[in-house]
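Peer 1: Questions regarding the structure given below will be posed in turn.
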């Protein structure tokens with residue numbers, strides 16, 4: 001974690017306004033610190049929810065492949081909170097602990113199949129140059145539809161924004177979160 005304490009405190013259940021309670025209840029599960037922090041700005045939280053729902057729930061990408069993109073983006077942005085949360089989500093959609101650790105090694109590390117390496121390369125290219133090269137784009141088009149190609153860019157972009165917010169706001173791990181960056 002870049003910061004050892006929050007710069008913006010997460011909304012507590014006791015101090016939440018009615019509007020904030022509604023925002024926190026929208027996920028249908030116990031809200032995470034990221035949601036509690038963004039709830040400090042209800043208008044922003046509500047506006048961002050539709051896009052976030054698309055990227056996580058309504059995307060055209062297979063869940064495992066979406067999580068590879070998100071994990072690599074969290075790693076590239078050095079957002080340990082993001083990487084930790086999506087390590088858990090990644091396991092839930094079939095990623096192994098070894099694959100999650102492997103995400104940190106990059107596209108050229110041994111062990112990736114060609115398409116998984118292409119996903120990592122796409123996340124890296126978007127991170128470093130805000131652009132997917134022709135070679136990587138061509139490899140993605142061998143499997144992906146136009147909607148899926150667009151979802152690759154928007155998933156990586158969404159998690160750049162989230163990672164920047166997590167890092168800058170100092171969002172801290174929940175007490176139950178055990179996933180961190182691999183050693």
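Peer 1: So for the range 62-169, Kirkwood radius off the Cα pairs, Stokes-Einstein at 20 °C and 1.002 mPa s: how many µm² s⁻¹?
Peer 2: 157
Peer 1: Just subtract the alpha-carbon distance of residue 48 and residue 89 from 0.36 nm times their residue separation and send over the number in nm, one decimal.
Peer 2: Roughly 12.8 nm would be gained on extension.
Peer 1: Spin-label point model (7 Å from Cα, Cβ direction): what's the residue 145 to residue 3 distance in nm?
Peer 2: 4.1
Peer 1: Which value, in nm² and rounded to one decimal, describes the direction-averaged projected area of the C-alpha convex hull of the range 1-83?
Peer 2: With every direction weighted equally, the projected area is 6.1 nm².
Peer 1: Shifting gears a bit: Working out 0.36 nm times the residue gap between residue 22 and residue 161, then minus their Cα-Cα distance, what length gain in nm do you get to one decimal?
Peer 2: 47.7 nm
Peer 1: How tilted is helix 80-92 with respect to the longest principal axis of the chain? Cα atoms for both, answer in degrees (0 to 90, nearest 10).
Peer 2: Its long axis makes an angle of about 70 degrees.
Peer 1: For the range 101-142, what class follows from the C-alpha gyration tensor (a ≥ b ≥ c being the square roots of its eigenvalues): rounded when a/c is under 1.5, otherwise prolate if a/b is larger than b/c, else oblate?
Peer 2: oblate
Peer 1: Continuing with the same structure: Helix 63-76: angle to the longest alpha-carbon principal axis of the chain, degrees 0 to 90, nearest 10?
Peer 2: 80
Peer 1: Subtracting the Cα-Cα distance from 0.36 nm times the residue separation, let me have the gained length for residue 78 to residue 113 in nm, one decimal.
Peer 2: Full extension of this stretch gives 10.2 nm more.
Peer 1: What nm value, rounded to one decimal, do you get for the distance between residue 129 and residue 13 when each label is placed 7 Å out toward the C-beta?
Peer 2: 5.0
Peer 1: Okay, moving on. Restricting attention to the alpha-carbon atoms of the chain, what are Rg (one decimal) and Dmax (integer), both in Å?
Peer 2: 16.6, 52
Each reported figure results from applying straightforward, stated rules to the coordinates on display, with no laboratory input. Just so you know, these numbers come straight off a predicted model, no measurement behind them. Virtual Cβ from ideal backbone geometry, glycine too; neighbours counted across all protein chains shown.
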